[in-house]
1. Based on a Kirkwood Rh over C-alpha pairs, give the Stokes-Einstein translational diffusion coefficient of segment 261-381 at 4 °C and viscosity 1.567 mPa s in µm²/s.
2. Give, in whole angstrom and from largest to smallest, the semi-axes √(5λ) of the equivalent ellipsoid of the chain, with λ running over the eigenvalues of the Cα gyration tensor.
3. Please give the per residue accessible area of the chain, computed with a probe of 1.4 Å over protein heavy atoms only, in Å².
4. Calculate the spin-label point distance for residue 514 paired with residue 350, positioning each point 7 Å from the Cα along the beta-carbon direction, and give it in nanometres.
5. Expressed in nm to one decimal, what extension gain is obtained for the pair residue 189 and residue 397 from 0.36 nm per residue of sequence separation less their Cα-Cα distance?
6. Give me, ordered by chain and number, the residues 5 or more places off residue 232 or on other chains with an amide H under 5 Å from its own placed amide H.
7. Any idea how far apart residue 127 and residue 275 come out in nm if each label point goes 7 Å out from Cα toward Cβ?
8. What order do 404, 465 take when sorted by accessible area (1.4 Å probe), most exposed first?
Amino acid sequence: MKKIISFTCLLMVSILGFAQNPIEAKYARIINIPALKKHLTIIASDSMEGRETGTEGQRKAAAYIEQHFKAIGLNPIAELNGYQQFFPLKFDSVISSSLSISNEKWNYGKDFICPISKNKSNHFTSNEIVFVGYGIDDPQYSDYTNINVAGKLVVIIAGEPKKKDKYFIRTNKDDVTWDLDLKLQTAKDKGAVGALIIDKSMPTFSKGMVMRNSKTGFTFNSNNDDENGMSYAYISHEAGKKIIGDDFENIIDAAKKFMLLNELKKSFTITSTFDFQKTSGSVNASNVLGIVEGSDKKDEYVFLTAHYDHLGIQDGVIYNGADDDGSGTVTVMQMAQAFAQAKKDGHGPRRTMVFMTVSGEEKGLWGSEYYSDHPLFPLEKTSVDLNTDMIGRVDTERKTADSLNYVYVVGHNKISSELPVINEGMNKKYTNLVLDYKFDDPNDPNRIYYRSDHYNFARKGVPVLFFYDGMLQADYHKPTDDVDKINWPLFQKRAQMIFYTAWEMANREKMLKRNKPIPKD
Ligand SMILES: [Zn+2]
């Protein structure tokens, strides 16, 4: 009896289920809270070390995503011989940095530091040091009148003088703000061999400063245009006193009061030797991709993207980035599983689905830039990119009744007029979220359209939609962006909505029309 009843119930449920739900609803259920939670708890755990691009944490996250893609049966990319598209990052590190004054070797970190990104490798000796005040040479005011610095080392005070509480020079010429680069260029033009900078508000150097100046951050597509043509170091106040002597305190006092210093310039017969050597290294970061091959339209592509990198560890604190963009990463992972299962069951997509999680986003959209400049599938055959970056939370500013049933959709009125039609149609059919187009307002100051990876597809003409929860206040880019803040039912609903949209785009007769202009940054 029991068995028969349950059999009948099952039969009825399945008949009803089939009648009400087309096949995609079955696969949407693979994108469920337990699965999203399982992956996000790992991706946003401390063991991933904040997933900073170019670090061990990023490589661990890549390995985890790759393992999932393999396990669910995604195909690797033939051209890559696997699932990872590697791209090179560069960094510089200091080999040696020394400064001797009057044959006394100064201590790096205590007496001086050499900013690594702006200094070139260089060596010089000089027999004279000249204090040139603020190091400014301007028609309004000059520290260089009647002074010759050719072949000499100059000492410069950071900052500018003021007159009646207004910057002396900036007030008259607001295109000139005597910053360090301009001062160094001026000293160079006048023939100085190097510069020592004294900052009135930095008597000593913090540990962090010393560390930051021993190695640069990673750079991508860089051509070292950061470097000055002039060698320079910051020196501590104690070290400054060794050169300038008894006048030192008066000079710092005057600088603190923004007084003119051009009457205080002074020359010292002191030998100095400066030596700075750095070397460049490189490390690989990666995008992780897998595909579900299409059937009759397999040479056309639908991309589902998110970035798996985040901000790493800063001052010993791990930035887990659960929402940003752990949420998008695990959405792509589960959508991949849903499409892979559909294919196994004989319901595979007509177009080829490409699931791509990228790194380098937080550094400046590096991974997606690299992909779009080195595409593995023709961009003109890429029908659409649906990008997900933060969909697990509710923005703190939102106070309206739909606050628990919305998602921001960005890009709906650009490149293809079909984007909103398909997206709205599938949402209406299955998920009924409020699709908020606020960020597509051309006057919106947040410029969200240019701030995540879809932009690199858009700039090449590929239609894109970007899904986003609007979490710009609250925990955005803070170490408190953790898994316990995720709104799971809303997260699941948004992820399923993206899946339904992707399903329709993968299976419809034609690729998306490209009938609207490509937005320019
Ligand atoms: Zn992000």
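The values are calculated or read from the model by the stated rules, or taken from the named source; none is laboratory data. Predicted model, so just to flag it, every value in this text is computed and none were measured. Positions of Cβ are backbone-derived with ideal geometry, glycine not excepted, and every protein chain shown enters the neighbour counts. Just the protein is used for accessible areas: all its heavy atoms, side chains included, with ligands, DNA and RNA removed. Shrake-Rupley method; radii C 1.70, N 1.55, O 1.52, S 1.80 Å.
1. The Stokes-Einstein estimate is 71 µm²/s.
2. Calculated on Cα positions only, the semi-axes equal 58, 23, 21 Å.
3. Values: 23070 Å² over 521 residues.
Here the per-residue accessible area is 44 Å².
4. 2.0 nm
5. Value of the extension gain: 69.6 nm.
6. Answer set, sorted by chain and number: 195.
7. 2.2 nm
8. Values: 404 115, 465 0 Å².
Sorted by accessible area, descending: 404, 465.
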